[in-house]
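Report on the structure given below.
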Amino acid sequence: MTYVIAEPCIDVKDQACVDVCPVDCIHEAGRILVIDPEECIDCGACEPECPVEAIFPEDALPAKWQAFVGINAAYGQGVDAVDALVTAYSGEHSS
Ligand code: SF4
């Protein structure tokens, strides 16, 4: 399993989570921070640090934000892949 950063982080990117992650697996993309699921050790240290409650264990992620599993995992393909998915998600969820 992994932890997942969801929609509340978009355009916020507070960074408090980055400071506490023991394995430095939280990375900055264009409009959001993402957790690399390949690196996350599932320690949970980041979750209470987030001021906008954007971080969830994958099995507790609200259904409306399931797209963020893929958005975080896209970090494996690079920041550009994350940004493309965030742009697509924002387009689908505007208005
Ligand atoms: Fe880092 Fe732990 Fe959060 Fe995973 S759960 S992103 S290892 S602080």
Inset, instruction - Enumerate the amide H contacts of LEU33 below 5 Å, restricted to partners 5 or more residues apart or on another chain; note that Pro and chain-start residues carry no placed amide H. - result: LYS13
Legend entry - Translational diffusion of the chain, µm² s⁻¹ [Kirkwood Rh, Cα pairs; Stokes-Einstein; 25 °C; 0.890 mPa s]: 190
Inset, instruction - Would you kindly derive the ³J(HN,Hα) couplings of the range 25-31 from the backbone phi angles with the Karplus curve 6.51 cos²θ - 1.76 cosθ + 1.60 (θ = phi - 60°), listing them in order in whole Hz, with x for Gly and Pro? - result: 9, 9, 10, 9, 10, x, 10
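Using a 1.4 Å probe over the heavy atoms of the protein chains, calculate the carbon and sulfur portion of the accessible area of the chain as a whole percent.
50
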Inset, instruction - Kindly provide the GluC sites (Glu not before Pro) of the range 30-81 that DSSP labels as loop, not H, G, I, E or B, and whose Cβ sees at most 16 other Cβ atoms within 10 Å. - result: GLU38, GLU39, GLU53
Inset, instruction - State the extension gain, in nm to one decimal, for the chain segment bounded by GLN77 and GLN15, taking 0.36 nm per residue of separation less the distance between their alpha-carbons. - result: 20.1 nm
Inset, instruction - Kindly write out, for the range 74-84 in residue order, the coupling ³J(HN,Hα) from the Karplus curve 6.51 cos²θ - 1.76 cosθ + 1.60 (θ = phi - 60°), rounded to whole Hz, with x marking Gly and Pro. - result: 5, 3, x, 8, x, 4, 4, 5, 4, 4, 5
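The values are calculated or read from the model by the stated rules, or taken from the named source; none is laboratory data. Because the structure is a prediction, the values reported are computed rather than measured. Here the Cβ is made from the backbone with ideal geometry for all residues, glycine too, and neighbour counts use every protein chain on show. All accessible areas refer to the heavy atoms of the entire protein, side chains included, with ligands and DNA or RNA removed. Shrake-Rupley method; radii C 1.70, N 1.55, O 1.52, S 1.80 Å.
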